[in-house]
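The structure under discussion appears below in the form of structure tokens.
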Amino acid sequence: MSAERGDEVSVCLLTYKRERLLPRTLDTVLAQSWKQMEVVISDDCSPDGTEEVCRRYAERDPRVKYFRNGTNLRYAGNQNAALARASNDLCAILHDGDLYHPDLIARWRELMVRHPSAGIAFCATEDLDLNGALRRTNLHSYDELVSGHGLLVDMLCRLDSPIFGIVMVRRSFVRAVGEFDPEFPVLADVDMWLRLLASYDAVYERRPSIKVSAREADHINNNRNARVLAELDRLKRKNIDRTFGKWPAARRALLATHRRLLLGQALRGLQSAAVRGEVANMMGMLSFMARTAFALDRGQGMQRDGDLPGNK
């Protein structure tokens, strides 16, 4: 790719089979107040009319660069491909179907420039229902500059991720910690955020700047099933071992907290699967609960907070 060009930002838009929703997303991207940007569309081999939509936009706006993967690379692979195609260090990773505040890129860039220790920028979001109406606002009490270590521990002690999959990163920092890991087909972004936070800080925009569209009924992120829960288990355990392996007491404490949270989530998933009559998912949840309970029985109880290592 070409050399980086000072104030420019690379907007990496990941897309797959969103022909209907993609135009409104592209309209909000191209209407950003920060104009010095390239828009790298990384199409993960969509089988619908996504390519035609993207090529129309590329003809109208020279900032738009369309790329189509030769095969379907899945979530992690498409993110890696998009970053490899970018020309700048500051890269916003955006998703198709969602809507973006006109000042999102400008604000994220401002925060990243102001805080060079930050490897990731994220913001408050608004969840929309299938009719486009506001369903929920996801707002956190973080300061503008967030300690990477503190946020890392917070994320390891909860099931959800306060960092949505739409962020701005420093590509050089991503390269330093390694690419998005295809071992995690659904949650590769969460794994990346944890790895970045182990070495760098984060910045947070409190104004809700992303409207997250409701996902389709068959979207993989809607399937809160035993397979996704098992992936979350592998992800969290890998990052706990990676980050806290030198502090056995802290590692035991975090693993115990993590597994108790998983057990509760699996029970809720079992109840939900029973209501929907999903026999295979019920069996998967029961198996997962048995393994998790066995791990808890073999492990140590929660340690006191003082066992956690101090901030970096």
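The values are calculated or read from the model by the stated rules, or taken from the named source; none is laboratory data. Please read these numbers as outputs of a predicted model, since none were measured by experiment. So basically every Cβ, Gly included, is an ideal-geometry build from the backbone, and we count neighbours across all protein chains shown.
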For P208, state whether it is part of a loop (DSSP other than H, G, I, E, B), of a type outside the set (K, R) and either at pLDDT 90 or above or touching a Phe, Trp or Tyr at 6+ places or on another chain (Cβ under 6 Å) (or both). no
Every residue in the range 271-288 that is loosely packed, with under 13 Cβ neighbours inside 10 Å and outside any helix (DSSP H, G or I), please. G277
Selection from the range 172-204 of residues that are crowded, with 19+ Cβ neighbours inside 10 Å and part of a helix (DSSP H, G or I): V174, A188, D189, V190, D191, M192, W193, L194, R195, L196, L197
I220 versus (1) at pLDDT below 80; (2) more than 30 Å from T28 (Cα to Cα); (3) surrounded by 13 or more Cβ atoms within 10 Å (Cβ to Cβ): which is the lone unmet condition? (2)
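May I ask you to list the residues in the range 82-97 that are over 16 Å from I166 (Cβ atoms) and either crowded, with 20+ Cβ neighbours inside 10 Å or not small (G, A, S) (or both)?
Within the range 82-97, R85, N88, D89 qualify.
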Any chance L21 is out of contact with any helix residue (DSSP H, G or I) (no Cβ under 6 Å at 6 or more places or on another chain), surrounded by fewer than 20 Cβ atoms within 10 Å (Cβ to Cβ), hydrophobic (A, V, I, L, M, F, W, C) and under 22 Å from V212 (Cα atoms): yes
Taking V177 as the residue in question, decide whether it is more than 20 Å from V9 (Cα to Cα) and not charged (D, E, K, R). yes
Number of the exception - G165 against (1) of a type outside the set (F, W, Y); (2) crowded, with 20+ Cβ neighbours inside 10 Å; (3) farther than 29 Å from L263 by Cα: (3)
Out of everything in the range 18-35 that is modelled with pLDDT under 95 and within 21 Å of the chain's Cα centre (by Cα), what residue ends up being nearest to P47 (Cα to Cα)? R18
Would you call R242 modelled with pLDDT of 80 or more, out of contact with any His (no Cβ under 8 Å at 6 or more places or on another chain), surrounded by 18 or more Cβ atoms within 10 Å (Cβ to Cβ) and closer than 24 Å to L194 by Cβ? no
For the range 224-264, enumerate the residues that are aromatic (F, W, Y) and in contact with a helix residue (DSSP H, G or I) (Cβ under 7 Å, 6 or more places away or on another chain). F244
Looking at (1) in contact with an Asp or Glu (Cβ under 6 Å, 6 or more places away or on another chain); (2) under 23 Å from D27 (Cβ atoms); (3) basic (K, R), which one does R55 not meet, given that it meets all the others? (1)
Quick check on this structure: which one of R251, R268 is buried (at least 19 other Cβ atoms within 10 Å of the Cβ) and without any contact (Cβ under 8 Å) to a residue 40 or more places away in the chain? R251
Could you list all residues from the range 113-143 that are in contact with an Asp or Glu (Cβ under 6 Å, 6 or more places away or on another chain), closer than 13 Å to K211 by Cβ and either outside the structural domain of A92 (by TED's automatic domain parsing) or crowded, with 18+ Cβ neighbours inside 10 Å (or both)? C123
Go through the range 98-112 and give me each residue that's touching a residue at least 12 places away in the same chain (Cβ under 8 Å) and surrounded by fewer than 18 Cβ atoms within 10 Å (Cβ to Cβ). P102, D103, A106
